[in-house]
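Here's the structure we're looking at; comments come further down.
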Amino acid sequence: MSSGEVCKIWVKDMRIGVDLGGTKIEAIALGHSGEILARRRVKTPKADYTETVKAVADLVSQLEAETGRTGSVGMGMPGAVAPGTGLLKNANSVRLNGKPLQADLEAALQRPVRLANDADCFTLSEATDGAAVGAACVFGVIIGTGTGGGVVVRGQLLSGPNAIAGEWGHNSLPWPQPEELPGPACYCGKFGCIETFLSGPGLVRDHETVVGEKLDAAGIVALAENRALQGSVAAEATLQRYERRLAKALASVINLLDPDVIVLGGGLSNIQRLYDTVPELWGEYVFSAGVGGEAVRTRLLPPKHSDSSGVRGAAWLWPKNSEKK
């Protein structure tokens, strides 16, 4: 590709974001003000890496054909690109690990492509034009099938030399109780990771372990909210354990990063009571709250863009100051 062709591609008429998930691939085209121009999704090829790359490239081509515009491309995916090798690592979609995903996409699309972890994309979206717009420091949290996080400071996504900034889910649960030790086994090879307690499967496991009843997360919440039903007391106790664990885990983030805003995403972010109960609890563990009784000023907020945050954040991997490069 000639230098002239590269320049034409980098003069962007729109931003395309792609969210590569375990079950679906979603792509969105955004105008310069963040308006949605087009949107498509397909099922994720289950076992074929080459087909996954092709599916992403096809979605981009379809959006460009539909809008009649050329777009920059950013993609959120599980895991991260290893800075030393350019290969994907830490992806729970294991077929992607060890693959040169960025290089292969750039070859297929004939343009530069920016990749970031899906939790990073969620955070970038909510910091750019979402719930945390205008905040200097934002920590984005994913509490769903897994537990991830991302950090945006003054509009810039932080990655770090190891490309793992924000991966709080693979620290140990702080201030554990005796019954929480050593903690459940995690896929990363350790025990007692925050993810094993705060993910959706972690909530389900905890309720089943303590109560002996297997319910999904939505069932636990519904049972706790309906005080007239048998078993609601046990479900309420499960949610209270979850809330305290989330409060402790986020307090450790506040002690280290001191963000202005924490935004929750993922399926469990739909539990509305978290936004009231968790800030009431985390003061017990945040350092500033214990010195002179200073109130914790960090805000805990639900996402503005909900399930669309990840794909929108992928589009915003090309920031506004990169309109023409």
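Nothing in this text is a laboratory measurement; each read-out follows from the coordinates by a stated rule. Only a predicted model underlies this, so the values are computations on that prediction, with no experimental measurement involved. Please note: Cβ atoms are built from the backbone with ideal geometry, for glycine as well, and neighbour counts cover all protein chains shown.
Listing for the model above:
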| item | result |
| --- | --- |
| Percent RCO, i.e. relative contact order, over the stretch 131-303, from Cα pairs under 8 Å lying at least 6 residues apart | 25 percent |
| Charge dipole (debye, nearest 20) of the stretch 3-117; +1 at Cβ of Lys and Arg, -1 at Cβ of Asp and Glu | 240 debye |
| Computed magnitude of the charge dipole of the chain (debye, nearest 20; Cβ of K, R +1, Cβ of D, E -1) | 780 debye |
| DSSP-defined antiparallel bridges as percent of all bridges, the stretch 130-214, nearest 5 | 100 percent |
| Listed residue (72, 232, 281) projecting farthest to the positive dipole end of the chain, Cβ model | 72 |
| Where labels lie 7 Å past Cα in the beta-carbon direction, separation of residue 154 and residue 58 in nm | 4.4 nm |
| Computed over the stretch 3-117, Cα set: Rg, Dmax in Å | 13.8, 39 |
| Rounded to whole Hz, the Karplus (6.51, -1.76, 1.60) HN-Hα couplings of the stretch 230-242, x for glycine and proline | 5, x, 5, 5, 5, 5, 4, 5, 4, 5, 5, 4, 4 |
| Span from the the stretch 246-320 Cα centroid across to the the stretch 50-106 one, whole angstrom | 29 Å |
| Sequence-separation-based contact order of the stretch 3-117, relative, with Cα cut under 8 Å and 6+ spacing, percent | 25 percent |
| Length-normalised contact order for the chain - Cα pairs under 8 Å, 6+ apart - percent | 21 percent |
| Cut-off 20 Å (backbone N to label point 7 Å along Cα→Cβ of residue 210), residues of the stretch 254-282 | 268-282 |
| R0 of 41 Å, Cβ-Cβ distance residue 65-residue 306: FRET efficiency to nearest 0.05 | 0.90 |
| Antiparallel bridge percentage (DSSP; both residues within the stretch 131-303; nearest 5) | 60 percent |
| Beta bridges by DSSP in the chain, antiparallel share as percent, to the nearest 5 | 60 percent |
| Estimated FRET transfer efficiency (residue 36, residue 255; beta-carbon r; R0 25 Å; 0.05) | 0.05 |
| Estimated FRET transfer efficiency (residue 175, residue 94; beta-carbon r; R0 35 Å; 0.05) | 0.60 |
| Inter-probe distance in nm under a simple model that places probes 7 Å from Cα toward Cβ, at residue 43 and residue 185 | 3.1 nm |
| Value of [θ]222 nm, deg cm²/dmol, for the chain, DSSP H segments ≥ 4, -39500 (n - 2.57) each, nearest 500 | -11000 deg cm²/dmol |
